[in-house]
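Engineer: One structure coming up, written as structure tokens, with questions to follow.
The values are calculated or read from the model by the stated rules, or taken from the named source; none is laboratory data. Please read these numbers as outputs of a predicted model, since none were measured by experiment. Neighbour counts are summed over all protein chains in view; Cβ atoms, including those assigned to glycine, are modelled from backbone coordinates with ideal geometry. For the accessible areas, the whole protein counts, side chains as well, though only heavy atoms, and no ligand, DNA or RNA atoms are used. Shrake-Rupley method; radii C 1.70, N 1.55, O 1.52, S 1.80 Å.
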Amino acid sequence: QVQLVESGGGLVQAGGSLRLSCAASTSIFSINSMGWYRQAPGKQRELVAGHTSGGATIYADSAKGRFTISRDNAKNTVYLQMNSLKPEDTAVYYCNADRGWDVSWGQGTQVTVSS
């Protein structure tokens, strides 16, 4: 499996910004799809943003216009820029890599948005 290490979470006031990073242990150039998910207490894990195997970039409706996913293949890192954060964005954010034959998850990074 791919080892994924997230960073960049923290406590921020509503309206603020954070940039999450996901560093992979292997080249991400050939990984089918990579994305960011989140899980709030008592809720199911949900997709926030991702690069699909078909080359598309997708966002949850709640993330559109505020979040941007990007990747730096040279650094084997995927980013999630989050702007205009809201209290409802509070969750543990997970990085995901799907190579087709295996799926890997990071350990998660906590994002807390205060009102």
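Engineer: Scan region 60-69 and give yes if some residue there is touching a residue at least 40 places away in the same chain (Cβ under 8 Å) and open to solvent by 60 Å² or more (accessible area, probe 1.4 Å), otherwise no.
Structural biologist: No - not one qualifying residue is present in region 60-69.
Table: residues versus (1) more than 28 Å from residue 11 (Cβ to Cβ); (2) modelled with pLDDT under 95; (3) open to solvent by less than 30 Å² (accessible area, probe 1.4 Å).
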| position | (1), (2), (3) |
| --- | --- |
| 41 | no, yes, no |
| 78 | no, no, yes |
| 84 | no, no, no |
| 92 | no, no, no |
| 104 | no, no, yes |
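Engineer: Something else now. Got a number for residues in region 20-39 being hydrophobic (A, V, I, L, M, F, W, C), at pLDDT 95 or above and open to solvent by 30 Å² or more (accessible area, probe 1.4 Å)?
Structural biologist: Here the count works out to 1.
Engineer: Being assigned to a strand (DSSP E or B) and not aliphatic (A, V, I, L, M) is the filter here; which residues of region 1-32 pass it?
Structural biologist: Correct list: 6, 7, 10, 13, 19, 21, 22.
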